[in-house]
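Working notes, beginning with the structure itself.
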Amino acid sequence: MADVSKSVFGPEGQLDILSGVNLQVAAGESFAIVGASGSGKTTLLGLLAGLDVPTAGSIRLDGQALESMDEEARAAVRRRLVGFVFQSFHLLPALTAEENVMLPMELEGDDTARERAHAALDAVGLGARRRHYPAQLSGGEQQRVALARAFVHRPRILFADEPTGNLDQHTGEHVGDLLFEMNRQHATTLILVTHDARLAARCARSAELHEGRLGVPA
Amino acid sequence: MNVLRLALRTLRREWHLVELRTLAASLVLAVIALGVVATLSTRIERGILASAAELIGGDLGVSAPAPLPDAMLRSAQADGLTATRGAAFRSVAFVGEHSQLLDVLATDGVYPLRGTLEVRGADGRDRVAHGPPRGQVFLDHRAMVGLGIRPGQTVQIGGRDLAVAAELLRQPDGGELFALAPRALMNLDDANDAGLLSVGSRARHRLLVSGPPAAVTAWRSDLEGSDLPAGAELITPEKMQERMRTAFDRASAFLRLTALLSALLAGVAIALAAARYARRKAGEVALLRALGTPRRRVAALLVTTLAALALPAAALGMAIALGLAQGAWYFARQLFDNIPTTLPLGPAFAAAAMGLAVLAGFALPPLVRLAEVPPVAVFRESMQRRVRRFDALYLVPLVTAVLLVWVQSDSAKLAGILAATLAGVAVVAALLSALLLVIARRVAPGAHPALRLGLAALARRRGLSLVQATALSLGLCALLLLAVVAPSLLEGWRRELPADTPNWFALNLQDDQREAFTTALGKMGATRTNMMPLAVGKLTAINGKPIDSIAFANDDAKDSADRQLRLSWAAELPPSNQVVEGTWAGPAPSQAEVSVDTSWRDRYQLKIGDTLSFEVGEGTLDAKVSSVRKVDWSSFRVNFFLMLDPAHADQLPHTWLTSFYLPRGRGDQLAKVSRDFGNLSLIDVDALLDRVREIVDRVGGAVRWVLGFSLLAGALVLAAALAASAQERRKEAALLRTLGATRAQLRAAAACEFALLGLVAGLTAALGALGAGLWLGNAVFRIENFVPPLWPLLGAAALAAFVVMAIGLFGTRKVVRTSPMALLREG
């Protein structure tokens, strides 16, 4: 990411969310972005994952310049390379745990989706609960389903947005363990956004976002 | 994995979602409503048409001044049709020293093919009969009184002695609804043998057929494609008397109106359910997009899922509609006794197609827009609703609605009025609810807690409140039109034929007989007596150009120019006449003036200022066209195509035409009076009036049936729509309960919210229904001075507002009863 800025226009004129951000994360590395609420962490994550485009600057993901691609091309890059874990899990309430994990593969037309989903749920210890709907699972269990979904198609890069933000300390630690364990097993590049200092400390490297600028955490 | 399999799987997974079930239920209901109404309407229209067939005694006929060729009979029989031959003519009957001019119909033994011929035998018993056998004749009551005989005696017609076998009570009329003279029915062979049908007899020969609709249609197109014998014309159910046709037109307009409104109701419900489904899917789409699913694939999946839901739902709706229509017909067929009709399948298929079109029109725009949700919305829910790019897509439901109105109504005027009314209602409802929201924000802080919560809820869901109030207003307006306005239109139509509508006409009254005849009528108790002068003449020239030298564009104009014309005059414009061009002449213009009916203007392409020359008796008259009138031929008043000014027309040789109402059962007295005025021709229109009244009653019964289904479907659709939107409140209610709100407070808040919504919707709907009723009554159904009933309309609107509140409360009962924890877990 080189000299990236992101501005939006609101009722009070232009609002600069990110200004001149430079960042490089190596393959297989784990990197944490920390910062207070409203500091622009999620915006930065969205830009890195190709969910949004910067106002200025350039972003390369696995060597490909995202800012020159249209949305469909970026979608193809995400499909191939990227996995996500969200703070609020983003499981579809109408689908069972198994169906939630299967969904991205089904959309790809993968006929082995069900078997792979079973394996992924077994890996996060939820094989016995695959027929349960999200509302029937605890917060920790829901996030484990989300982890299974994120890793099931073996992404090269995993983006995690406050993965333990909605969980109690104990459950959060357990989910964190699972996240780093899976990351290690799959040799995935991990970029996570958090304000949990302990989770950030488990990453190889971290940086703090303050008023839209990236610096070394205090 | 292909999109269809994925869509089916999605559907199976999501089937438990309330909004998806609501969407399916709305579609099923829409197809049922459209299908039942369309199937029943088609069947009822067939019934009405069949009852018109009763009036001509067959499904189709040909009449001509000469015997119809045998080839025509054979072609009908080859097409699988049953045929009957006949001839109508005038002849004088003699019994001793009595004589009487009769309108005679000579038929074979097959007549009538449709409808019933009722006679009363010598034993005094009524029975259904066919054409009399050789040597026999049926005479109507007036003929018997005129001739002074009874059944069982003998009468001489055409020099042959015929036994009067029975009194003719009722006969299908053969296209000649006006019986100028007393009527007789005799055998065709007898008439032939007596030379009554020989060349120069002025008899009108005819061939009537009946059979399966397809065969009738085929024969008809054969006839229309071939050269008919000189002077021949088709006798069709549609080509009935102008008055009867008006009755049919109005009847089908009523049925179309009910079907159309049901369809629009369904559209409103589908739009609400689809919008809610789209909102539900927004989060999912954002996630799929973040995970890299291409936009097209998302759109294809959404559309295929919708199709996978819609097709079975439409099929189910169609099957239920056919079943219900069949069941309803089982009860409704008593309205069309003795008329067999088959269950038409076409309208149910059309209804399914229309239901799918409604679904596509109303549900696709929000779903297609959905595919445009940006992937970054996965982080920010608010962005899911910021897609503006496809705003124009919302024109699709509008266009769909207009097309639907057009296809369903088959009448530009009806479609226009309904479209304008509903658009007006939508605008007023939106404005009123916007005003309500402004007031809500102002009033809420100081209001009662329950009202405050209710008002706050309305104001918070500003967009949804606007949509809901508008949708409810449209739905209620359609329901009010169906429930209040349509029956009152029907009642207005019925009132146009009051019990004392003139039922007799007397022609040929001379100047010096006027006073004596009026006195005689008064003695019999006749009322509503009205006399008009009548001159018979011919049109000889237009603008000085002899009529023979004018090349008319249509045969109709040429034919009618050859016929005798009836001219009348009056100082004032007669009732049920409206001047649409020029000005009414008044009592004494400086030069002779004539006012023509619009059909005359069109037939001869006349303009104001043209001069028409008439030959009346020995004299001639040149009259300037000073006005064009639109005449309501359904009014049962005496009307004329051509009206002259009195100052110039008074000098023309003329007789008088009288119309009057004579209570039933006094026909004998009238027959005696008519013997004193030997030159008089009496026309009995009681039979015609009875027919029109019967049709009004039949249509009334049919509309009530169709209405019942529309109302039921409408109420169910509205309830489904409201219940679906009540889901929106679950989260909020859970939060409020968590914060300590009591069940009573929640119920009171919901009651306030729904009551306000209901009030806006009820008021707007009542205004809309009132306006549309006024407009429809006067412009489409042509009921003079029609005003929809105001109080029932307001009462129904208040009731509707109450029902909205009740349904809204019913929808929130689960929220109020469930524990807050369970609700929070549900999300």
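A 27 angstrom limit on the alpha carbon distance is what I want to check against. Which of B:Lys538/B:Lys672; B:Lys630/B:Lys672; B:Lys413/B:Lys630 exceed it? Flagged as over cut-off: B:Lys538/B:Lys672; B:Lys630/B:Lys672.
In a simple Cβ point-charge model (Lys, Arg +1; Asp, Glu -1; nothing else charged), the range B:60-236 has a dipole of about 280 debye relative to its Cα centre.
Can you tell me the relative contact order of chain A? Whole percent, Cα pairs under 8 Å, sequence separation 6 or more. Here the relative contact order equals 31 percent.
With a Förster radius of 60 Å applied to the beta-carbon distance between B:Ala214 and A:Asp111, the computed FRET efficiency rounds to 0.70.
Here the label points at A:Phe180 and B:Lys413, each 7 Å from Cα along the C-beta direction, are separated by 8.3 nm in the simple model.
Using the Cβ-Cβ distance between B:Thr342 and A:Arg213 with R0 set to 60 Å, the FRET efficiency from 1/(1 + (r/R0)^6) comes to roughly 0.15. Using only alpha carbons, the range B:527-661 has a radius of gyration to Kirkwood radius ratio (Rg to Rh) of 0.94. Annotation for B:Glu572 and B:Val92: the two label points, set 7 Å from Cα along the Cα-Cβ direction, are 4.3 nm apart. If you wrap the tightest convex hull around every Cα atom of the range B:60-236 and split its volume per residue, you get 106 Å³.
Multiplying the residue separation of B:Ala307 and B:Ala353 by 0.36 nm and subtracting their alpha-carbon distance yields 15.3 nm.
When the alpha carbon gyration tensor of the range B:595-669 is reduced to an equivalent ellipsoid, its three semi-axes come out at 29, 18, 9 angstrom, largest first.
Going by average Cβ neighbours within 10 Å, how do the peptides B:356-365, B:656-665, B:316-325 rank, with the highest at the top?
On the way: B:356-365: 23.0, B:656-665: 17.5, B:316-325: 21.3.
In descending order of packing, they fall as B:356-365, B:316-325, B:656-665.
Working from label points 7 Å from Cα in the Cα-to-Cβ sense, the A:Ala76 to B:Arg813 distance is 5.6 nm.
Pick from A:Ala148, A:Ala49, A:Ala201 the residue whose mean-square fluctuation is largest in a GNM of chain A, springs joining Cα atoms under 10 Å. Most flexible of the set in this elastic network: A:Ala201. For B:His648, B:His130, B:His98, the sequence from fewest to most other C-beta atoms within 10 Å is B:His98, B:His130, B:His648. Working from Cα pairs under 8 Å separated by at least six residues, relative contact order for the range B:527-661 is 38 percent. Computed on the Cα trace of the range A:1-133, the radius of gyration divided by the Kirkwood hydrodynamic radius gives Rg/Rh = 1.04.
In square nanometres, what is one fourth of the surface area of the convex hull spanned by the alpha carbons of the range B:89-178?
If you wrap the Cα atoms of the range B:89-178 in a convex hull and average its projections, you get 5.5 nm².
Legend: calculated FRET efficiency, B:Arg74 to B:Asp161, from the Cβ-Cβ distance at R0 = 35 Å, rounded to 0.05, equals 0.50. Residue by residue, the range A:167-172 carries 3J(HN,Hα) couplings of 10, 5, 4, 5, 5, x Hz when phi is fed to the Karplus relation 6.51 cos²θ - 1.76 cosθ + 1.60 (θ = phi - 60°); x denotes Gly or Pro. Mean separation of Cα pairs under 8 Å and 6 or more residues apart, divided by the residue count, gives the range B:60-236 a relative contact order of 37 percent.
Stretching the chain fully between B:Leu431 and B:Leu799 yields a gain of 130.3 nm (0.36 nm per residue, less the alpha carbon separation).
The numbers here are math on the coordinates, done by the rules we state, and not lab data. Computed from a predicted structure; not experimentally measured. Cβ sites come from the backbone with ideal geometry, for glycine too, and all protein chains shown count toward neighbours.
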